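Student: There's a structure below that I have some questions on.
The values are calculated or read from the model by the stated rules, or taken from the named source; none is laboratory data. These numbers were taken from a predicted model, which means no experiment stands behind them. So basically every Cβ, Gly included, is an ideal-geometry build from the backbone, and we count neighbours across all protein chains shown. Each accessible area value is taken on the protein alone, full model and side chains, heavy atoms only, with ligands, DNA and RNA left out. Shrake-Rupley method; radii C 1.70, N 1.55, O 1.52, S 1.80 Å.
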Amino acid sequence: MPVQFQIVLFAVIAAFVLFQLYNVLGKKVGRQPEDDVRAQPVPAAPPPGAQPATPVDSHTLAAIQGLKARDPAFDPHRFLEGARTAHDTIVQAYAAGDREALKPLLAPPVMESFEAGMKSRETRGEAERVEFVHPPRADLELATVDGERAVARVRFLAELRSVFGGEGHEERIEERRTAEIWTFQRPLGANDPNWVLARVEPATA
């Protein structure tokens, strides 16, 4: 076979092979990245009103097991949200002397103690306004049962700014940090699910 003819034949074969390779490589073959995206199922929309589940750490589980045994529906995250709201409301209401705001949130002995403090301040003609420098930190230390009462202890760490004044008093500002244990309670099985503050005691920061 002449050399020239062989060269032409090989060129034709090479062109044919390249053409076939182009047809194959020019198409998407096998599994593509976008196929993975399309293949992933779309998460189902949560039912209306559903709240995302928040994991409970082992420390909290240990702290609430006493109450969970009697009240399986107890939700520590929901409780802490309510406790933070109650803490802020009580601190500011006490400073403002707002008895109507305090009464439904305090057990009678705590209300008596707060009443004495508010009367003493009013006798001096002093007024106070409290602001939170930062949102207070709240940690659930214990949730258990005492007789027919649910009892929960929360450690609050707060940074406060108090503005003092009143007729005949020069306005002054004080900033302070507080570390306290607040004990809340409510009757088990009661129709009213609200907790009341039953005790306040100092704590280590």
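Student: Can you spot a residue in region 38-49 that is open to solvent by 80 Å² or more (accessible area, probe 1.4 Å), at pLDDT 90 or above and of a type in the set (D, E, K, R)?
Tutor: No, region 38-49 has no match at all.
Student: Could you list, in sequence order, all residues of region 131-172 that are closer than 17 Å to Tyr94 by Cα and not small (Gly, Ala, Ser)?
Tutor: The answer is Glu131, Phe132, Pro136, Phe156, Glu159, Leu160, Arg161, Val163, Phe164.
Student: Something else now. Mind checking which residues of region 179-205 are among the hydroxyl-bearing types (Ser, Thr, Tyr) and either surrounded by 13 or more Cβ atoms within 10 Å (Cβ to Cβ) or in contact with a Gly (Cβ under 6 Å, 6 or more places away or on another chain) (or both)?
Tutor: Result: Thr183, single match.
Student: Additional query: For region 119-140, what are the residues that are within 24 Å of Arg161 (Cβ to Cβ) and within 32 Å of the chain's Cα centre (by Cα)?
Tutor: Glu128, Arg129, Val130, Glu131, Phe132, Val133, His134, Pro135, Pro136, Arg137, Ala138, Asp139
Student: Within region 195-205, can one find any residue that is at pLDDT 95 or above and hydroxyl-bearing (Ser, Thr, Tyr)?
Tutor: No: zero hits.
Student: Next question. Given the residues Arg153, Arg149, Arg161, Arg186, which is the only one that is modelled with pLDDT of 95 or more and under 14 Å from His87 (Cβ atoms)?
Tutor: Arg153
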